[in-house]
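**Q** The structure's right below; bear with me while I get my questions together.
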Amino acid sequence: MYEIVYTSLATRDFTQDELTALLDHARRANQARGITGMMIYRKREFLQLLEGEQAVVQALYERIALDERHHQMAKIWDGPITARSFEGWEMAFVAPGDDSLQSHPGYRDLMERGLIAASGDSTGKKLLLSLRDDFLGGR
Ligand SMILES: Cc1cc2nc3c(=O)[nH]c(=O)nc-3n(C[C@H](O)[C@H](O)[C@H](O)COP(=O)(O)O)c2cc1C
């Protein structure tokens, strides 16, 4: 088992419909490939974690890198894992608005500096896991 965490910048604003279409496709494809993970989108910034078999995760990462809907892709962490953090999630998704962030303590940095800056200091994983726990609850 292996995981990659990266950030990227949307080449333009995504509409809700465009995000939904991206996620629908990703979830179907991920299910077929045994990929799970989580994606956050906020103010044109993406943070995504992909987990699964190493060769499958790396091939997907390289394909995502070719996608013209985003650019400035930066890998912030990759390595082996002993267990999935997103078991059962073909691609969990959070697009937190300022209102929802404000009601949870601890996201001031994310609000003020933006998703990429706030996740770049660490592996991004801490942020993903706290958003998972605070915003997604159960499956
Ligand atoms: C930010 C972002 C995240 C994406 N995440 C995934 C993903 O988790 N799984 C996936 O199959 N495609 C994902 N895609 C779409 C791929 O870039 C690409 O469109 C898709 O893999 C091609 O589909 P295919 O399965 O027909 O090859 C993502 C695209 C973007 C812009």
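**Q** May I ask you to list the residues in the range 16-27 that are free of Cβ contacts under 8 Å to residues at least 24 places away in the same chain and near the ligand (Cβ under 8 Å from one of its atoms)?
**A** Listed by number, the list holds a single entry, 25.
**Q** Just to check your reading of the model, which residue among 124, 137, 120 is in contact (Cβ under 8 Å) with a residue 60 or more places away in the chain and more than 12 Å from the chain's Cα centre (by Cα)?
**A** 120
**Q** Another question about this same structure. Identify, please: which residue in the range 30-47 is out of contact with any helix residue (DSSP H, G or I) (no Cβ under 6 Å at 6 or more places or on another chain), in a helix (DSSP H, G or I) and touching a residue at least 12 places away in the same chain (Cβ under 8 Å) and is, among those, farthest from the ligand (Cβ to nearest atom)?
**A** 31
**Q** In addition: Scan the range 48-64 residue by residue and report those that are surrounded by 19 or more Cβ atoms within 10 Å (Cβ to Cβ), part of a helix (DSSP H, G or I) and touching a helix residue (DSSP H, G or I) at 6+ places or on another chain (Cβ under 8 Å).
**A** 60 - this is the single residue of the range 48-64 that is surrounded by 19 or more Cβ atoms within 10 Å (Cβ to Cβ), part of a helix (DSSP H, G or I) and touching a helix residue (DSSP H, G or I) at 6+ places or on another chain (Cβ under 8 Å).
**Q** Moving on. Looking only at the range 65-88, count how many residues are away from the ligand (no atom under 11 Å from the Cβ), in contact with a helix residue (DSSP H, G or I) (Cβ under 7 Å, 6 or more places away or on another chain), not in a loop (DSSP other than H, G, I, E, B) and not β-branched (Val, Ile, Thr).
**A** Residues meeting the conditions: 1.
**Q** Still on this structure, please answer the following. If I ask for residues that are more than 8 Å from the ligand (Cβ to nearest atom) and under 14 Å from the mean Cα position of the chain (by Cα), which ones from the range 48-64 would you list?
**A** Residues satisfying the conditions are 49, 51, 57, 61.
**Q** Then there is this: Take residue 46 and decide whether it is aromatic (Phe, Trp, Tyr) and out of contact with any Gly (no Cβ under 9 Å at 6 or more places or on another chain).
**A** Against the criterion (aromatic (Phe, Trp, Tyr) and out of contact with any Gly (no Cβ under 9 Å at 6 or more places or on another chain)), residue 46 qualifies.
**Q** Being of a type in the set (Asp, Glu), assigned to a helix (DSSP H, G or I), on the phi < 0 side of the Ramachandran plot and at pLDDT 95 or above: is that true of residue 24 here?
**A** Yes.
The values are calculated or read from the model by the stated rules, or taken from the named source; none is laboratory data. Since the structure is predicted, the reported quantities are computational estimates derived from the model, not experimental observations. Note that each Cβ is placed from the backbone with ideal geometry, even for glycine, and that neighbours are counted across all protein chains shown.
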